[in-house]
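Have a look at the structure below, then the notes.
The values are calculated or read from the model by the stated rules, or taken from the named source; none is laboratory data. As the structure is a computational prediction, the values presented were derived from the model and not from experiment. Please note: Cβ atoms are built from the backbone with ideal geometry, for glycine as well, and neighbour counts cover all protein chains shown. We work out accessible area using only protein heavy atoms, side chains counted, and drop any ligands, DNA or RNA first. Shrake-Rupley method; radii C 1.70, N 1.55, O 1.52, S 1.80 Å.
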Amino acid sequence: MTNHTPDSPVLFALPYLGGSARAFDAVAERLAGAVTCIALDLPGFGADAAAPGADVAAMADAVVARIRAAAPRRWLLAGNSMGAKVALAVARRAEDETAGLDGLVGLVLLAGSPPAPEPMSEDRRAAMVAWIDADVATRTREAQAFIEANVSAPLEAARKAEAVADVLRANPEAWKAWLTGGAREDWSGRIGILRSPAVILAGAEDADLGAPAQAALTAPHLARHRLVTLEGTGHLIPLERPEAVAEAVLSLLAGPAHEAVSAPVIPEAYAALIRSERVNARLRTALLQRAQPDDSAYQPRALDPVGLAILRAACARVLPQDGAGFIDLAARIDARLASGTGDGWRFAKLPPDPEAYRLALRTLDDAARSTHGRPFVVLDADAQDAVLGSLDDGAVAGALDAEQMGLWFEDLRADVARTYLAHPAALARIGFSGIGAGGDTDPLPGFHAVGIGRREPWEPQAAPESAR
């Protein structure tokens, strides 16, 4: 179903593997009067089943052509499973200012296949590839089982019949092309981190692409997002929870999905010291640069978005920031790793810093999955602390051995502390006034009142803090 609501934003909806545009019929009904819903058949599926299999880029091409033809002033993308990965590829093009894609308002990702290769057992993949070419009776039986396995509760009979029919009319070559090609494609680097507001909907009963997978694999690519877990819901969210999809679309139109995080405020007395002649020009420039707010859509250069998300989670445990404002320590460490600058040394048993971080973060995440059955980023604070603590105990090994993981953790703590204390708000917090001993004058102003507990009149006083 496609509803047309004149002068309204347009939702382009992309279905799951085997699904067709009509998977979004109930969503379109709920949006009628507020949003025009144009649900699309991806190449090889639905009304476009004559088309051969296509990779992610070709599917994105097809969607881009439809958006350009519609020429909406404001538009959104929704994608379920396979459709979500294609939606992310289209959004990347929109943010890269590809012609004809102005006006993207936001994304609604439904149990999305992530930019990285989709987690799926090879046995399951092989079985799905095999039965699509089987005899009619087998295909019918397997198509019914496919739909039933991907919903939490039985669908209404007519809706289930349509969903099964869609799977049966899918082009077998397109079906196999996705399972053996598109689902395995790694778009992590190409998609990077998107600025567009997004809502991620995950089914609580979705085994492979539920909330933990979305938090670990898709959310790191979205600078401004909200992840919602739908109880009693499986993988085919447009069929199971159309009202939740419609609500997510309307919420994006109503306002931002994520509040901007501000930088820590530098106390005025300390800011005045930075502006004074007691601070040399080079240091003043560096301090003011460090005081700038971090870009929430920072594009990692040494790590990938998933690695950056793990690093952010680790930094939050090494040095929790519970005051006003936030310093993106992980982004700043990534920038330093990419720049090749640092303190000039490393443990001989570790590879170069960028490689050590990549391998260590992967090992850390593997340890979380092995011990707790969940990615590191979704563990609660106590569980994250336990995994990090086990690095010192020599209990974690993987891409790096246990000794290397312990050395890397030492490096991480040093990098976090150094990066935090480089920020002028942190220097003010600890009452460090050494920045005022220099200046560009000759002789340098220096300190004159030297002694335990003695401070000069120009030295800012750190604000008192309660013990924690």
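Quick notes
- (1) 74, 51, 44; (2) 91, 54, 37; (3) 82, 55, 40, with the label sought being that of the calculated Cα extents along the principal axes in Å: (2)
- Over region 312-468, the hull volume per residue, using the convex hull of the C-alpha atoms, is 168 Å³.
- Of GLY340, HIS221, VAL245, farthest towards positive along the dipole that unit charges on Lys, Arg, Asp, Glu beta carbons give the chain: GLY340
- Residues listed by number, region 331-355, amide nitrogen under 20 Å from LEU319 label point at 7 Å toward C-beta: 331-347, 353-354
- Positive-end extreme of charge dipole, the chain - chosen from TRP178, ALA70, ILE266 (charges on Cβ): ILE266
- Hypothetical label at ARG301: residues of region 188-213 whose amide nitrogen lies under 16 Å (7 Å Cα-Cβ projection): 193
- Whole-number percent relative contact order across the chain, with pairs defined as alpha carbons under 8 Å at least 6 apart: 13 percent
- Dipole magnitude for the chain: about 900 debye, using +1 per Lys or Arg Cβ and -1 per Asp or Glu Cβ, origin at the Cα centre.
- Judged by the gyration tensor of its Cα atoms, with axes a ≥ b ≥ c, region 1-77 is oblate; a/c meets the 1.5 cut and b/c is at least as large as a/b.
- Charge sum, other residues only, whose C-beta stays under 14 Å from LEU179's C-beta, Lys/Arg counted +1 and Asp/Glu -1: -4
- Protection proxy ranking for 320-333, 170-183, using the average of other Cβ atoms within 10 Å per residue and placing the highest first: 170-183, 320-333.
- Protein accessible area in the chain, 1.4 Å probe - carbon and sulfur %: 53 percent
- Net charge of neighbours whose Cβ lies under 13 Å from the Cβ of VAL27, counting Lys and Arg as +1 and Asp and Glu as -1: -1
- Straight-line cross-link reach from LYS176 at under 12 Å between alpha-carbon atoms covers these aspartates and glutamates, not counting any fewer than eight positions away in the same chain: ASP55, ASP133.
- For region 383-448: relative contact order, % (alpha-carbon pairs under 8 angstrom, 6 or more apart): 15 percent
- Value of D in µm² per second that Stokes-Einstein yields for region 373-461, Kirkwood Rh from Cα pairs, at 37 °C (0.692 mPa s): 194 µm²/s
- Between the amide H of VAL279 and those of GLY439, distances stay under 5 Å, these residues lying 5 or more places away or on another chain, with hydrogens modeled in the peptide plane.
- Fraction of antiparallel bridges per DSSP, the chain only, in percent to nearest 5: 5 percent
- Peptides 121-131, 192-202, 378-388, 425-435 ranked from most to least packed, by the mean per-residue count of other Cβ atoms within 10 Å: 192-202, 425-435, 378-388, 121-131.
- Interchain or long-range residues, amide H under 5 Å from LEU230's placed H: ALA202, GLY203, ALA204
- Rounded if a/c under 1.5, otherwise prolate or oblate - region 200-265, Cα gyration tensor axes: oblate
- Each Lys and Arg adds +1 at its Cβ and each Asp and Glu adds -1 at its Cβ; summed about the Cα centre, region 170-229 shows a dipole of about 340 debye.
- Rounded to the nearest 20 debye, dipole of region 258-361 from Cβ charges on Lys, Arg, Asp, Glu: 380 debye
- Shape call, region 424-467: gyration tensor on alpha carbons, a/c limit 1.5: oblate
- A cut-off of 5 Å between modelled amide H atoms, ignoring neighbours fewer than 5 places along the same chain, links GLY106 with LEU77.
- Between the helical axis of 82-95 and the longest alpha-carbon principal axis of the chain there is an angle of about 50 degrees.
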